[in-house]
Amino acid sequence: MPLLSRRLRALSRKHSKKTPYSITRVMAGYQRCISLALVCLLLCHDSLQVEQFKSTACTNEPRKDGADQTFIKTHVRTGTPTTLTDGGWGKFLEKGQEGNHKIHSFLTSTMDEVNAVCSRSGGKQYQSKYPSNPSTNLCISNDDFKFFTVTWVNKVPTIKEETKRLILACDQFVEKCLPTHFEPHGNTPVADNGKECGP
């Protein structure tokens, strides 16, 4: 019995010495597992978001409400000045009575160039990054466009020239898919989902 007791005590001391080290290794293993699990969850979340997004651009029943013509009159107006120093801005803004809006954008491109954003050759499907605008019919242009953004403060306009990709709402009409809304966005790079716009 004394011999057995000594062996048990020795074995106990042996394991007690390794316990701190063993616990450290176990904890480190747990931390690695938790980190991997979090990475997997994030990847799965992003993947699900992409899969859940279904673009409705150019897939609606043909519209007949003239929204395409309203877009032209609002954003692709005849006589839009082409430079910041153009002396015609005063009369242009006064004629359009745009002061009723806090911010407005005017395109200098041709209508054919703008319409191309809503086609397979000119645009890609785009998912809005703004929770307040859950629109699913947006497309983003493949190329940069030049346009002017006018901001009113106390009815005094400030004009800014911009060059970047366009984000437009694209809806199907009787003959083709056409833009119906100009979606403003910041200067940070934006990405499409890789799928062509258009029917």
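The values are calculated or read from the model by the stated rules, or taken from the named source; none is laboratory data. In this text, all values refer to a predicted model and were calculated from it rather than measured experimentally. Backbone-built Cβ (ideal geometry, glycine too); neighbour counts: all protein chains shown.
Residue check, A116 against (1) farther than 27 Å from T59 by Cα; (2) modelled with pLDDT of 95 or more, all met but one. Which one?
(1) is the only condition that A116 fails.
Only residues that are assigned to a helix (DSSP H, G or I) and at pLDDT below 85: list them for region 46-84, please.
The answer is D46, S47, L48, Q49, V50, E51, Q52.
Out of G87, G123, G99, I need the residue that is at pLDDT below 95, crowded, with 17+ Cβ neighbours inside 10 Å and either farther than 22 Å from G66 by Cβ or among the small types (G, A, S) (or both). Which one?
Going through G87, G123, G99 in turn, the sole match is G123.
Is it the case, given these coordinates, that N137 is surrounded by 13 or more Cβ atoms within 10 Å (Cβ to Cβ) and touching a Lys or Arg at 6+ places or on another chain (Cβ under 8 Å)?
Criteria not met by N137.
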